[in-house]
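As structure tokens, the structure follows; a few thoughts come after it.
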Amino acid sequence: MSSLRNADVRLRTYIKQHSLPEIYEALLCGLCIMCPENPLLFLEDKLKQMIDTGHETFLWDVFIDETKKPKIKAVAGSYLDHLFGQDEDVLVSPELFKKAYSFYINNLQRLCFDAWIEFCSRRQANKINTQLKLQTAEAHHANTVLKSIIHRWNSWTKTRKQQQILAATRIQNVFNDALMKKILKAWNVETQDSKKKREYFERLERGDMEDYGSLNSSSIREGEDDISQLPLKAVLKIFGFVDLIDLARCAEVCRSWKIITQHSSLWSSIDFFTVRHLIQDKFVVSILRKCRPYVIRLNLRSCSSLHWASFKAISECKNLQDLNVSECQSLNDESMKIICEGCPALLYLNVSHTNVTNASLRMMSRCLPNLQYVSLAYSRKFTDKGLQYLGSAKGCHKLIYLDLSGCTQISVEGFRFIAAGCSSLQQLKINDMFTLTDNCILALLEKCQCITSVSLLSSPHLSDAAFKVLAQGRKLVKLRIEGNNRITDASIKALSKSCPNLNHIYLADCQKITDASLKAVATLKNITVLNVADCIRISDPGVRQILEGPSGAKIQELNLTNCLRVSDLSLLRIAQKCHNLTFLSLRFCENVTDSGIELLGNMASLISIDLSGTSITDQGLAALGANSKIKELAVSECMGISDIGIQKFCQQSKDLELLDISHCLQVTNNTVKSLAFCCKMLTSISIAGCPKVTDLSIQYLSGVCHYLHILDFSGCVHLSDRTLKYLRKGCRQLRILRMLYCKSITKAAVLKMESKIQKVEYNNDDPPPWFGYDRHGDLLNGVSHLEETEEETGKQATKLFSSASVDSL
């Protein structure tokens, strides 16, 4: 059916006005659905009915029985709407209607959701924008406030700087005034001291010192002395340096001193070694019974007069951790048994040079499970079986230090027992064992993998095989080898390659060691101690490689004794590279001259230097004195040194503590006079082999050097008993005195001196020929000496001494 959409307007109006589509629709639908037998009659009846009822409200199903009306409802009001709008009939089912409705709802929801999302995005953007604006505003406000604060602070700092400048100027003026007062006061004290020394020396030279004594001190009441007024910590530190005899004497001074001497900290560590010749069992037992709760360290070294009672008292010290009974000849297995049973807390035990046997080692293994440090050095009565006991049962499995020096009775089996029972060993000391072989070391190293320190001095039979095994997989830090002519550069190369942490190297008297070993050692980064004494193949190139390596600036001790090929070139490298060097030995380095030694005068870190047997002269010694920090100097057997050089050195090194000028044949009393005047802090002096020294020199020393501990004047043939008289009067802290080949000193005077000093060495034999002079002090043929007479040298020294004194004043 063609559409009437494009028909004439009047026709369309006519059709709609008379409801022709609705009439036709109702009649047609009735015919199609009802299917009457006589369609015309059906139409006639319906038309009459339509005329009677009217057709304004007709529906399409008005002529259809209720039973036959379709359930599908047309969406449009009429099926004939297609005549005016649509080309085809459109009938929508409920399912399609639901889908259409859902589609419509979904579109509507999507539109709403999109609109909501856009709203939220805009709101979030507005919020972020607002926050940015707020941050900008806050930053602007903070900058404004900060700018205001900085302006105020700037003005305040300018004012404060001006005030500080004014205050600093005033303080500096006050400081300068105080400093000038201090300087003037110190200058006054020094001049007074110099004046007293000069008067003292003038009295000595005039010989009127017999009645010269110190001023009598005023009486001090109880507890008002200088010591009692100090803080307790300082007082205990002072009394800690006093030996037992003097400590007992201090307790008798006054009640305040007695209280101080009874403090427990002074008795936690007891050293009987200093009074070993005086103590008896009664004294030891009395002290230990009073102090046994807090005794931690006990030293009975060389106390041969002690017996069972003392060892019984030791066993009562339950907190004892460190015990040294070395060289106690009365120590036996019974004594060790009671000590081990009574002191289970022992960590350190030294039984070297004793008569201990396997039974003692068995008791140590049973009763001392925490033992960490053991010394059996030079104890030759135990066997391999004792070492087996040491590592069996509870055993000393925590042992980290073991000293077997001189125990030549130990075989390879003994070392195998040590390795099996003491696998935690870290420090091993096997010196002076001529029976030590490679097999012993290999057996020991088989299970001891933690060794960090090894000392093998005087073990000539060890070869490269042992040291190469020692280097494998070890973390060695310290290595000491001496007197071995079989070890070669190959061992040192292996050790340097496998032990990067090695920092202490001692290779003395190893004849096959060459510069190649030093080249290998130069790769190590942490060397602090290097000793290649008596390695005669060492030369300047090897020393240069060590000093220019990564450890050059870290070396603190360097020993080049008897390295004949070392010259001034090595000293130049030492002065340039070794900024932390404190000890240097150049003994008998014949190629070292004044030119090289002058470079050492600028090394501020150098404290101790040994130039014995070198070609140093007065010029080099004076240049060395530029380093005022030197405290120890040895110039023994230096024939080019005279009074003048030593005097110049002493005038610059007033803190000198140790001086060795032995066998310097040109040394006279003027040298000792300069020492006493300039270096009053001396603790050790050796003037052995100086035939021109007389009693006057010892009188100089005893009058000023009150801290002297060690004195050696062996071979000074002109000294007499007056020397010992001066020493007893002035040097009350003297501990060791050597006076060999002193023919003018009598045995009676020596016996009187022995009661005051710990160790005295004496004989009155003639000086041996290598001293260079006879019993009268006359030089032997072939001994070079200075052409000047003693009087001329003395005049020069006196003139120099006087000028130095004027300068000091």
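Within segment 385-404, the set of residues being in contact with a Phe, Trp or Tyr (Cβ under 9 Å, 6 or more places away or on another chain), outside any strand (DSSP E or B), open to solvent by 10 Å² or more (accessible area, probe 1.4 Å) and closer than 14 Å to Leu347 by Cβ comprises just one member, Ile400.
The listed residues are Ser605, Ser612, and the only one of them that is in contact (Cβ under 8 Å) with a residue 40 or more places away in the chain, small (Gly, Ala, Ser) and in a loop (DSSP other than H, G, I, E, B) turns out to be Ser612. Considering segment 264-280, the residues that are in contact with a Leu (Cβ under 6 Å, 6 or more places away or on another chain) and at pLDDT 85 or above include one that is nearest to Leu232 (Cα to Cα), namely Ser265.
Looking across segment 506-522, just one residue is more than 20 Å from Val477 (Cα to Cα) and among the basic types (Lys, Arg), and that is Lys512. The single condition among (1) of a type in the set (A, V, I, L, M); (2) open to solvent by less than 40 Å² (accessible area, probe 1.4 Å); (3) over 25 Å from Asp246 (Cβ atoms) that Ala749 does not satisfy is (3). Of the residues making up segment 752-773, those that are over 46 Å from the mean Cα position of the chain (by Cα), closer than 18 Å to Leu665 by Cα and either open to solvent by less than 50 Å² (accessible area, probe 1.4 Å) or among the basic types (Lys, Arg) (or both) are Pro767, Pro768, Gly772, Tyr773. Kindly indicate the residue of segment 282-300 that is over 31 Å from the mean Cα position of the chain (by Cα) and open to solvent by 30 Å² or more (accessible area, probe 1.4 Å) and also nearest to Gln758 (Cα to Cα) among those meeting that condition. Filtering first and then ranking leaves Phe283. From the list Ser570, Ser551, pick out the single residue that is of a type in the set (S, T, N, Q), crowded, with 17+ Cβ neighbours inside 10 Å and part of a helix (DSSP H, G or I). Criteria check complete, one pass: Ser570. Looking across segment 673-707 at every residue that is charged (D, E, K, R) and more than 12 Å from Leu727 (Cα to Cα), the one that is modelled with the lowest pLDDT is identified as Lys680. Taking the listed residues Asp509, Asp464, the one that is surrounded by 17 or more Cβ atoms within 10 Å (Cβ to Cβ) and closer than 18 Å to Asn531 by Cβ is Asp509, with no other qualifying.
On the stretch given as segment 6-33, residues that are within 23 Å of Gly54 (Cβ to Cβ), open to solvent by less than 40 Å² (accessible area, probe 1.4 Å) and not polar (S, T, N, Q) total 9. Condition check for Gly703 on (1) touching a Phe, Trp or Tyr at 6+ places or on another chain (Cβ under 6 Å); (2) in a strand (DSSP E or B): one failure, at (2). Looking across segment 251-276 at every residue that is within 39 Å of the chain's Cα centre (by Cα) and outside any helix (DSSP H, G or I), the one that is surrounded by the most Cβ atoms within 10 Å (Cβ to Cβ) is identified as Phe272. For the condition farther than 17 Å from Gln409 by Cβ and at pLDDT below 90, Ser365 qualifies.
The values are calculated or read from the model by the stated rules, or taken from the named source; none is laboratory data. Bear in mind the structure is a predicted one, so any value in this text is a computation, not a measurement. When we count neighbours, we look across all protein chains shown, and the Cβ atoms used for this are built from the backbone with ideal geometry, even at glycine. Heads up: the accessible areas ignore ligands, DNA and RNA and are worked out on the full protein's heavy atoms, side chains in. Shrake-Rupley method; radii C 1.70, N 1.55, O 1.52, S 1.80 Å.
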